[in-house]
Amino acid sequence: MKKKTKIGIIICDRYRNCAGGKCFRALQNREGAFDIYAKDEDVELVGYTSCGGCPGGNIEYAPEEMKKMVLRLFILPLVL
């Protein structure tokens, strides 16, 4: 079984209303910042959030919260 790469996207708060269409398309097509992942690599988007506004108040916490969410999504159903 291939290892799945989990990715979280953190955008600038000025664009917090963005639905992420271009980011999702770039991820799917492995373009831009996502070209480091092979087209056949199993990649999963696990989080999409903004930085929380200048000076990036949420940036310290967002990655850890995304990791917690992944654990809740994948481990909690197994426990219940």
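The values are calculated or read from the model by the stated rules, or taken from the named source; none is laboratory data. The structure displayed is predicted, hence computed values, not measured ones. Glycine gets a Cβ as well: all are built from the backbone with ideal geometry, and neighbour counts include every protein chain shown.
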- Applying the selection to the stretch 36-52, what residues are touching a residue at least 40 places away in the same chain (Cβ under 8 Å) and among the aliphatic types (A, V, I, L, M)? Val46
- List the pairs whose first member sits in the stretch 20-31 and is aromatic (Phe, Trp, Tyr), whose second member is modelled with pLDDT under 95, and whose Cβ atoms are under 9 Å apart, counting only residues at least 6 apart or on separate chains? Phe24/Ile9; Phe24/Leu45; Phe24/Tyr48
- Item | helices (runs of 4 or more DSSP H) lying entirely in the chain (those with 2 or more residues that are at pLDDT 90 or above) | 21-29
